[in-house]
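J.: Below are the structure tokens for one structure; questions will follow.
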Amino acid sequence: MQLERTLKMAMVGGGPDAFIGEVHRKAARMDGGIEIVAGSFSSNAKKSEETGRKLLLDPARIYSSYEDLAERERRLPDGKRADFAAVVTPNDAHFPIAKKLLESGLHVMCEKPMTVNVGEARELQKLVQSSGKVFALMHNYTGYPMVKLARDMVRGGDLGEIRKIVVQYPQGWLAGPLENTGNVQALWRTDPARSGAAGSLGDIGTHCENLSEYITGLRITHVCADITSFVKGRRVDDDANCLLRFENGAKGVLHISQIAIGEENDIAIWIYGTKKSLEWHQEHPNYLHVKEPDGPVHVYRRGNPYVGRKSPAAARATRLPSGHPEGFIEAFANVYRNFADTVRATLTGTLPDKLALDFPGVDDGLRGMLFIDAVIASAQSSEKWTPMPS
């Protein structure tokens with residue numbers, strides 16, 4: 001049974017000063033199966049109205065608060081009301097908004113990190129489980145075709161037993177006190193009341209944690225961490241270096257920084273096994289490098305038939321033929337497509353395709369919060385290793 005209409009999407013956040021909200025909107029609409037029908041785009045009613053007008057929304061469905069959105073949307077008839085809502089606000093608002101939306105019967109797409117503490121994450125996990133609603137967490141780097149190929153190669157045994165994982169995310173945009181200039185993105189990310197206890201850890205560190213566990217299927221069990229706030233007066237971390245232990249005995253190195261001058265968004269990962277190794281860089285996302293002990297480097301290129309034969313998930317995540325680069329927004333769109341197909345299956349009472357279930361969810365959100373807690377605890381401890389709770 002197919003859903004004979006577009007999915008109806010609402011958005012909370014993503015107003016005039018936002019970056020990620022517009023990325024979500026472009027990604028959600030990329031495949032033509034999602035229609036944005038409502039939103040509460042800012043806690044400032046005028047800004048919310050401004051964004052809604054630009055999106056050509058019905059003025060009656062541009063809301064001044066997420067509570068108003070949740071209550072009024074659920075009163076609308078099936079097929080007109082929003083099926084799901086995307087939460088693209090600063091971190092501190094993720095939990096109360098997602099909770100209200102789920103309680104109002106909406107499926108939820110949420111930006112990461114999922115919450116600002118483990119307690120909220122555990123409560124949200126229970127609510128998702130009891131609600132029966134689909135919940136997706138936007139770890140967009142899992143949406144890249146070559147990341148999916150890497151996962152299927154690692155989990156298929158191509159690399160042998162995994163020994164070492166190195167993952168990084170260097171940025172330089174917060175090398176100075178940008179928050180003191182009024183920059184909106186810097187202001188909330190460096191305010192612990194809005195970002196949570198973590199700065200760079202929550203903003204980019206959770207991407208590294210998630211990417212390493214997504215590709216390998218291995219959970220981090222212990223961390224040994226050193227975190228720093230280099231910019232004078234900054235109240236959250238802007239740099240972190242971590243040693244990792246994984247559940248199979250593999251060792252890891254994770255480093256992130258937002259004060260690495262000249263760096264942009266080079267999240268990258270190296271995975272070393274007993275047979276082969278692989279390497280992937282987000283700034284060159286269409287290529288996966290696979291290396292052997294005694295042979296040439298193999299470069300897998302997105303869009304070629306051999307990639308699809310190796311990884312149906314990578315083929316599903318590929319829109320263009322080889323040689324036509326795909327990137328950041330397409331990765332978001334791949335997460336949206338899988339989430340949306342799962343929502344459609346839920347609405348029609350059918351089982352979703354197995355490949356459609358390939359998106360981060362509430363359990364991944366909890367893992368991210370446990371990781372942040374463990375890293376902060378390790379940095380404050382005199383012990384060498386801090387266990388990461390399950």
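The values are calculated or read from the model by the stated rules, or taken from the named source; none is laboratory data. Since the structure is predicted, the reported quantities are computational estimates derived from the model, not experimental observations. Note: ideal-geometry Cβ built from the backbone for every residue, glycine included; neighbour counts use all protein chains shown.
J.: Taking region 97-121 on its own, how many of its residues are among the small types (Gly, Ala, Ser), within 20 Å of Val375 (Cβ to Cβ) and buried (at least 23 other Cβ atoms within 10 Å of the Cβ)?
T.: So the answer is 1.
J.: Now, a different point. Determine whether region 154-168 contains at least one residue that is within 25 Å of Arg234 (Cβ to Cβ) and touching a residue at least 24 places away in the same chain (Cβ under 8 Å). Spell out how you get there, then give the answer.
T.: Within region 154-168, the subset within 25 Å of Arg234 (Cβ to Cβ) is 167-168.
Those still in the list that are touching a residue at least 24 places away in the same chain (Cβ under 8 Å) too: 167-168.
Scanning region 154-168 turns up at least one residue that is within 25 Å of Arg234 (Cβ to Cβ) and touching a residue at least 24 places away in the same chain (Cβ under 8 Å).
J.: Which one is surrounded by the fewest Cβ atoms within 10 Å (Cβ to Cβ) among residues in region 64-80 that are of a type outside the set (A, V, I, L, M, F, W, C) and part of a helix (DSSP H, G or I)? Steps first, please.
T.: So in region 64-80, the residues of a type outside the set (A, V, I, L, M, F, W, C) come out as 64-68, 71-75, 77-80.
Among the residues that remain, those that are also part of a helix (DSSP H, G or I) are: 66-68, 71-73.
Numbers: Tyr66: 25, Glu67: 14, Asp68: 11, Glu71: 13, Arg72: 16, Glu73: 23.
The qualifying residue surrounded by the fewest Cβ atoms within 10 Å (Cβ to Cβ) is Asp68.
J.: If you don't mind, another one. Let me spell it out: the conditions are (1) modelled with pLDDT under 95; (2) closer than 19 Å to Leu106 by Cα, and Ser43 meets all of them except one. Which number is the exception?
T.: If we test Ser43 against (1) modelled with pLDDT under 95; (2) closer than 19 Å to Leu106 by Cα, just (2) comes out false.
J.: Shifting gears a bit: Taking Asp203 as the residue in question, decide whether it is of a type outside the set (A, V, I, L, M), buried (at least 16 other Cβ atoms within 10 Å of the Cβ) and part of a loop (DSSP other than H, G, I, E, B).
T.: Working: of a type outside the set (A, V, I, L, M): yes; buried (at least 16 other Cβ atoms within 10 Å of the Cβ): yes; part of a loop (DSSP other than H, G, I, E, B): no.
Here the answer is no, as Asp203 does not meet what is asked.
J.: Yes or no: region 261-279 includes at least one residue that is free of Cβ contacts under 8 Å to residues at least 60 places away in the same chain and surrounded by fewer than 16 Cβ atoms within 10 Å (Cβ to Cβ). So that I can check it myself, show each step before the final result.
T.: First pass over region 261-279, keeping only residues free of Cβ contacts under 8 Å to residues at least 60 places away in the same chain: 279.
Okay, now just the ones that are also surrounded by fewer than 16 Cβ atoms within 10 Å (Cβ to Cβ), so none.
Checked region 261-279: no residue is free of Cβ contacts under 8 Å to residues at least 60 places away in the same chain and surrounded by fewer than 16 Cβ atoms within 10 Å (Cβ to Cβ).
J.: Now, a different point. Keeping to region 33-74, report how many residues are without any contact (Cβ under 8 Å) to a residue 40 or more places away in the chain and aliphatic (A, V, I, L, M).
T.: Selection size over region 33-74: 8.
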